[in-house]
Amino acid sequence: MLLPGAAALYSADLGGCTALADRAPDEIMSRFCMALQHAGATVVRRVSHSFPETGLTCVLILSESHAVLHTWPESGTVNIDIFSCSTRLKSLEAIDDLRRSFGAQHVTVQETPRADGRRPPPDGRD
């Protein structure tokens, strides 16, 4: 677990996403934005790129840092990375919201402490 207020990167792999193939790229981006906003993020800018018949990449620039989502509809896979320097952003809530939205059958999440530029990295390395 991280120290309160520590910067963190959350990387999530969502598998068996039964609802992913039925979602248009604009709807996926909208759901991604809404999940982050409901979790406390402030979206500053959003950009996405569709790869015809193979998926979508969405990037959100946040006041708190950034979030990225990649989809592979052919395999029902979604990868999400959320980096935040703010305790206000509840990244795990956003991931759970997206799990429900895409109908994910299984989810793995990695939590990685990160330096935030204001203090040394959590493990004390310089």
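List of remarks:
- Within segment 74-112, being more than 23 Å from A6 (Cβ to Cβ), over 10 Å from the mean Cα position of the chain (by Cα) and surrounded by 18 or more Cβ atoms within 10 Å (Cβ to Cβ) holds for G76, T77, R99, S101, F102, A104.
- Condition met for L69 (surrounded by 17 or more Cβ atoms within 10 Å (Cβ to Cβ) and either among the acidic types (D, E) or farther than 17 Å from A12 by Cα (or both)): no
- For segment 28-60, the set of residues classified as farther than 16 Å from A94 by Cα and either exposed (fewer than 15 other Cβ atoms within 10 Å of the Cβ) or among the hydroxyl-bearing types (S, T, Y) (or both) consists of V44, R45, V47, S48, H49, S50, F51, P52, E53, T54, T57, listed by residue number.
- Taking each residue of segment 38-67 that is under 14 Å from I82 (Cβ atoms) and looking for partners that are surrounded by 12 or more Cβ atoms within 10 Å (Cβ to Cβ) and among the aromatic types (F, W, Y) with beta-carbon atoms closer than 8 Å, six or more apart or interchain, yields C58/F32; L60/F32; S65/F83; H66/F83; A67/F32; A67/F83.
- Checked against (1) touching a helix residue (DSSP H, G or I) at 6+ places or on another chain (Cβ under 6 Å); (2) not in a helix (DSSP H, G or I), D97 meets all criteria but (2).
- Matching entry among G124, G40 (being assigned to a loop (DSSP other than H, G, I, E, B), at pLDDT 95 or above and closer than 20 Å to L9 by Cα): G40
- Restricting segment 1-37 to residues that are in a helix (DSSP H, G or I) and in contact with a helix residue (DSSP H, G or I) (Cβ under 6 Å, 6 or more places away or on another chain), the residue that is modelled with the lowest pLDDT: L20
- The set of residues in segment 48-67 that are over 14 Å from the mean Cα position of the chain (by Cα) and on the phi < 0 side of the Ramachandran plot comprises H49, S50, F51, P52, T54, S63.
The values are calculated or read from the model by the stated rules, or taken from the named source; none is laboratory data. Source: prediction; values computed, not measured. A quick note on method: Cβ atoms are made from the backbone with ideal geometry, for glycine too, and the neighbour counts reach across all protein chains shown.
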